[in-house]
1. Add -39500 (n - 2.57) for each DSSP H run of 4 or more in the chain, then divide by its residues: what number comes out at 222 nm, to the nearest 500 deg cm²/dmol?
2. From Cα coordinates alone, what are the radius of gyration and Dmax values for the range 42-132 in angstrom?
3. In degrees, nearest 10, range 0 to 90: what is the angle between the Cα axis of helix 84-93 and the longest Cα principal axis of the chain?
4. Could you work out how much longer the chain between residue 65 and residue 128 gets when fully extended? Use 0.36 nm per residue separation minus the Cα distance between them, nm to one decimal.
5. Using a Förster distance of 22 Å, how high is the FRET efficiency between residue 27 and residue 47, based on the Cβ-Cβ distance and rounded to 0.05?
6. So for the chain, Kirkwood radius off the Cα pairs, Stokes-Einstein at 10 °C and 1.306 mPa s: how many µm² s⁻¹?
7. Round to the nearest 10 and give me the degree value, 0 to 90, for the angle of helix 143-152's Cα axis relative to the longest principal axis of the chain.
């Protein structure tokens, strides 16, 4: 990778290197055939098994076109009533994230939210009642269960809590997952 080359920008996943969805790697991308210094580390959903793909092939849609691949489950975004253009950008041209079950992308203000990785422990522990009710709704855990789960919560563990931020109102939202 040349020193001038930067990672592509992803409006719905602003720091994929920081979240662990993109990692430093000398592997050759199966889509473009280049070793560009980075590779994607979360799931690729395609009929053909794709092990190594670079962020550029995700960003420009090459991965999606060549392998008819998606990186995120469209269901939650479609259920939120988002436009097909937004659903397509998130599911086919945005790095997904590592989760225990299937990832679930949150929507707000008629748009997909930005993914910001595992929620910091302090943020989850400091949720007020409204935040707890929202997390309960998004995660499927009852508020009572959440109170005990949160006491043991550690980022990158199970259960997991993921942080999303609305691109418009900047509201912070969380969802949960477990093994």
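Only the coordinates and a few stated rules stand behind these numbers; no lab work does. If you're wondering where the values come from, they're calculated on a predicted model, not measured in any experiment. Quick reminder, even Gly has a Cβ in these numbers, built from the backbone with ideal geometry, and neighbours come from all protein chains shown.
1. Details: 8 runs with 56 residues, N = 179.
Calculated from helices alone, the mean residue ellipticity at 222 nm is -8000 deg cm²/dmol.
2. Over the range 42-132's Cα set, Rg and Dmax evaluate to 14.7, 46 Å.
3. Between the helix axis and the principal axis of the chain, the angle is about 70 degrees.
4. Numbers: separation 63, 0.36 × 63 = 22.68 nm, distance 4.36 nm.
The residue 65-residue 128 span can extend by a further 18.3 nm.
5. Values: r = 21 Å, r/R0 = 0.98.
About 0.55, to the nearest 0.05.
6. Numbers: Rh = 16.9 Å.
The diffusion coefficient I find is 94 µm²/s.
7. So the inclination is approximately 60 degrees.
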